[in-house]
Amino acid sequence: MLERMAAHAQGSLFDQTDEIRLGPLRDVRRTVLGDGAWIDLLPGWLTGADALHEELASGVPWRAERRQMYERVVAVPRLLAFYGERDGGREELPHPVLAEARDALSAYYADELGEPFVSAGLCYYRDGHDGVAWHGDRTGRGSHEDTMVAILSVGAPRDLVLRPRQRHGSVVRKPLGHGDLIVMGGSCQRTWEHAIPKTTRAVGARISIQFRPRGVS
């Protein structure tokens with residue numbers, strides 16, 4: 001079931017350290033998308049990202065899922081893991097730096113978001129055959145309220161693409177990997193969609209960690 005997990009990330013020439021640590025968030029740069037949506041981007045927020053990728057790839061209890069697609073059941077083209085709230089507390093994340101990242105994001109966006117990030121969903125894109133189709137995180141409060149989803153990427157870069165939900169504007173493309181951070185905020189989950197397209201190019205493995213507030217999925 002997990003036979004393709006042997007894929008490796010292509011190392012970054014700019015991240016040649018095994019010390020896994022976060023940088024400051026003060027250099028985040030915001031892009032206004034329109035319709036009340038925006039994205040914040042901080043390349044290389046995490047150093048030692050390739051080392052973290054290797055630890056997560058081998059240490060997380062990844063699961064493969066199958067979903068109903070019209071009249072047949074198909075394999076979800078990525079591996080998944082989820083860490084949320086349980087028994088009144090938050091589940092321990094698979095590496096201490098991820099808890100540090102969640103808390104740093106909660107503090108940085110406290111005034112705008114008004115609540116902390118509480119869950120972490122992990123996706124393992126093993127190669128170009130893995131991806132995720134166009135969607136917004138509109139299950140729960142994301143369907144009718146402004147919210148935020150923060151994504152930290154480790155491993156080889158893959159394109160995250162965004163487009164207006166009503167298809168009346170340009171597509172935005174951001175290659176993310178090697179410790180890059182993107183935060184989708186405002187109305188982004190309701191008025192825009194995002195995807196990780198599959199590709200026939202030779203690409204390395206990538207893991208994304210998505211931090212979300214309570215009630216957004």
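Quick note: the coordinates plus some simple rules give every number you see, no bench work behind them. Owing to the predicted nature of the structure, the values given are computational and were not obtained by experimental measurement. Please note: Cβ atoms are built from the backbone with ideal geometry, for glycine as well, and neighbour counts cover all protein chains shown.
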Assigned charges on the beta-carbon of Lys, Arg, Asp, Glu; the chain dipole about Cα centre (debye): 960
Ranking Ser170, Val28, Thr147 by how far each Cα lies towards the positive end of the charge dipole of the range 21-213 (+1 on Lys and Arg Cβ, -1 on Asp and Glu Cβ), the top one is Ser170
Towards the positive end of the charge dipole of the chain, with charges on Cβ (+1 Lys, Arg; -1 Asp, Glu), say which of Gly88, Ala205, Leu42 has the farthest Cα. Ala205
What shape does the range 93-217 take by its C-alpha gyration tensor, where a ≥ b ≥ c are the square roots of the eigenvalues and a/c under 1.5 counts as rounded, a/b above b/c as prolate, and the rest as oblate? oblate
Starting from the Cα gyration tensor of the chain, take the square roots of the eigenvalues, sort them a ≥ b ≥ c, and report rounded, prolate or oblate (rounded when a/c is under 1.5, otherwise prolate if a/b is larger than b/c, else oblate). rounded
Listed residues Ala99, Ala120, Ala202, most fluctuating in the chain (Gaussian network, C-alpha, under 10 Å): Ala202
Select from the range 109-217 those GluC sites (Glu not before Pro) which occupy a DSSP coil region and have at most 13 other Cβ atoms within 10 Å, ordered by residue number. Glu145
